[in-house]
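The structure appears below as structure tokens.
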Amino acid sequence: MDMLRTSSASVRVALDSLQANIQGTVLVQGDAHYDDARRAWNLAVDQHPAVIVVATSATDIVKAVRFAREENLGIAIQSTGHGVVRPANGGLLIITSRMTNVHVDPDAQTAWVEAGVKWGAVLDKAQAVGLAPLLGSSPDVGVVGYTLGGGMGWLARKHGMAADSVLVFELVTADGRLVRASASENSDLYWALRGGGGGSFGIVTGMEIQLYPVETVYGGNLIYPASMAKAVMMRYRDWIANAPDELTSAIVLMNFPPIPEVPEFLRGKSAVMIRGCYAGPVEEGEALIQPWLDWQAPLANMWRAMPFAEVATISNDPEDPMPTMATGAWMRVLSDAAIDTLIEYGVSVDGSSPLVVTEIRHTGGAIARGDKNAGAFGNRDASLVLNLIGATPTPEARERMERHTQAMKDALRPAMTGGVYLNFLDGAEAADRTQDAYLPDSYRRLMAIKASYDPENLFRFGFNIPPASDN
Ligand SMILES: Cc1cc2nc3c(=O)[nH]c(=O)nc-3n(C[C@H](O)[C@H](O)[C@H](O)COP(=O)(O)OP(=O)(O)OC[C@H]3O[C@@H](n4cnc5c(N)ncnc54)[C@H](O)[C@@H]3O)c2cc1C
């Protein structure tokens, strides 16, 4: 663990000088806002940084990075805390949540977003001019953290991963320089950052991203009782086999908590849901759903034409901070055996499963077509990705989730590719399995790029991309 004696006179002087030189705020343990600042959206994360800098600009971040170098502190980065990889214990935690500028250019169909922007802000501004960003299921997730992990949303099969749509990164590197990375500037860094390498290469202060003309989509959920899960999952497998790229969908086994926010007919019950978004003419979307309705009447059909601005209603992710654990993996096939396993572990009978969500997203399409030479992102040839989520309010609950999901993943191994999607992992697993997110050549190249930009591994709290030792 990094050690900094914040009580020592020389460190105090350095901290005072940092505070005097930035617009943002410097906090150490004991300061009034330290506990608020160290809190992540995921309340299961309990981190105790030596120093926190709540930055307001790229200049603040440059100065914070130089301070960390001088004090020999590792640097962690947080915008919302939805995806903390390693708690920032003993290090310098740079919080970007106050850097919230968004500028949409309707003619160029691009947006410039600062490091602390959440997707909802980009969605609103882009939709006002008929454009859409490649956000994920939740508008409360941070644009930069999501994109640096790949970024898979409801337009993924049509327009690809969010990382593929970044035109320019502006970032502060480990030597405290503010640089740009694009196809024509620092192109090696650009390739690494477009690959889901997370915060290993620097602190992104802003990004220029491509937007797409998408106004009305047809999206929602078909809900069937969990007792029909096997038949629904088998039918889903056939349904997606020839699905057009306009359709990005998922099948979800959901154990609804017994809380008032859940409609009564689902409260405390389990269900299987076909969820997705058709980004093409509404009639074509309706025609894709109709065969399901002809087959069996669902408990509810919530598919509807909607402005893309309402895309968050498809998953209805929780907004308020909560303690959670996520894990997952890329899958090759939804075999009969895999379906049985998913139901056995995913559907809770009298509390048998700690999972709230067992989601399998259909990938391929534009994700698979992404150019591997244009970004490090790997596993593009998988056709499905598994995403398991549970609530983990106590260490015991987390241990149970870990045991349950490990046994589930072991049983699913024949249907998996062996690769992982980093955005659907959290905590230690995201660090331990970073390598499995990449092709072997890409991972080696990432380590070489890391060696030239961050040889001392200053950015060591994110995904595990160590500097290549022979560079
Ligand atoms: C409710 C929910 C819904 C989700 N839905 C989806 C989804 O649909 N699709 C999908 O792909 N993922 C999804 N995710 C995963 C999410 O994309 C990741 O957890 C992501 O890391 C969150 O980014 P953040 O900035 O909000 O979180 P943070 O915890 O603030 O950041 C996550 C990590 O990103 C890095 N990082 C953040 N900001 C910077 C920066 N400025 N410079 C360098 N590195 C930085 C850091 O390493 C940090 O540890 C979801 C997660 C949750 C909890």
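The values are calculated or read from the model by the stated rules, or taken from the named source; none is laboratory data. Here the structure is a predicted model, which means the values were calculated and not measured. When we count neighbours, we look across all protein chains shown, and the Cβ atoms used for this are built from the backbone with ideal geometry, even at glycine. Ligands, DNA and RNA are excluded from the accessible area calculation, which covers all protein heavy atoms including side chains. Shrake-Rupley method; radii C 1.70, N 1.55, O 1.52, S 1.80 Å.
Exactly one residue out of Leu155, Leu211, Leu131 is within 13 Å of the ligand (Cβ to nearest atom) and touching a Leu at 6+ places or on another chain (Cβ under 9 Å), and it is Leu155.
Scanning segment 324-347 for residues that are closer than 12 Å to Ala229 by Cα and of a type in the set (Ser, Thr, Tyr) yields a total of 1.
The set of residues from segment 421-465 being more than 13 Å from the ligand (Cβ to nearest atom), assigned to a loop (DSSP other than H, G, I, E, B) and among the hydroxyl-bearing types (Ser, Thr, Tyr) comprises just one member, Tyr438. Of the residues that make up segment 284-307, is at least one touching a residue at least 60 places away in the same chain (Cβ under 8 Å), buried (at least 21 other Cβ atoms within 10 Å of the Cβ) and closer than 30 Å to Val45 by Cβ? The answer is no, given that none of the residues of segment 284-307 is touching a residue at least 60 places away in the same chain (Cβ under 8 Å), buried (at least 21 other Cβ atoms within 10 Å of the Cβ) and closer than 30 Å to Val45 by Cβ. Is it the case that segment 257-276 has a residue that's surrounded by 22 or more Cβ atoms within 10 Å (Cβ to Cβ), in contact with a helix residue (DSSP H, G or I) (Cβ under 6 Å, 6 or more places away or on another chain) and of a type in the set (Ser, Thr, Tyr)? No, segment 257-276 contains no residue that is surrounded by 22 or more Cβ atoms within 10 Å (Cβ to Cβ), in contact with a helix residue (DSSP H, G or I) (Cβ under 6 Å, 6 or more places away or on another chain) and of a type in the set (Ser, Thr, Tyr).
One line per residue, one yes/no per condition, for (1) within 16 Å of the ligand (Cβ to nearest atom); (2) among the aliphatic types (A, V, I, L, M):
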{"site": "Glu284", "(1), (2)": "no, no"}
{"site": "Pro291", "(1), (2)": "no, no"}
{"site": "Trp295", "(1), (2)": "no, no"}
{"site": "Pro298", "(1), (2)": "no, no"}
{"site": "Met302", "(1), (2)": "no, yes"}
{"site": "Ala309", "(1), (2)": "no, yes"}
{"site": "Gly328", "(1), (2)": "yes, no"}
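The condition of being open to solvent by less than 10 Å² (accessible area, probe 1.4 Å), touching a residue at least 12 places away in the same chain (Cβ under 8 Å) and away from the ligand (no atom under 14 Å from the Cβ) holds for only one of Gly176, Gly206, Gly195, that being Gly176. Check whether at least one residue in segment 97-120 is away from the ligand (no atom under 16 Å from the Cβ), surrounded by 24 or more Cβ atoms within 10 Å (Cβ to Cβ) and more than 19 Å from Asp320 (Cβ to Cβ), and report yes or no. No - not one qualifying residue is present in segment 97-120. May I ask you to verify whether Thr405 is touching a strand residue (DSSP E or B) at 6+ places or on another chain (Cβ under 7 Å), over 20 Å from Ile251 (Cα atoms) and at pLDDT 95 or above? No. Of the helices (runs of 4 or more DSSP H) lying entirely inside segment 1-77, the ones with 1 or more residues being under 26 Å from the mean Cα position of the chain (by Cα) are found at 34-38, 58-71. Might you let me know whether segment 413-420 holds any residue that is within 13 Å of the ligand (Cβ to nearest atom) and either open to solvent by 70 Å² or more (accessible area, probe 1.4 Å) or assigned to a helix (DSSP H, G or I) (or both)? No, the conditions are met nowhere in segment 413-420.
Residue check: is Leu247 outside the structural domain of Met302 (by TED's automatic domain parsing) and buried (at least 19 other Cβ atoms within 10 Å of the Cβ)? It is false that Leu247 is outside the structural domain of Met302 (by TED's automatic domain parsing) and buried (at least 19 other Cβ atoms within 10 Å of the Cβ). Return yes when Gly81 is of a type in the set (Gly, Ala, Ser), surrounded by fewer than 18 Cβ atoms within 10 Å (Cβ to Cβ), part of a loop (DSSP other than H, G, I, E, B) and at positive phi and no when it is not. Taking the combined requirement at face value, the residue does not satisfy it.
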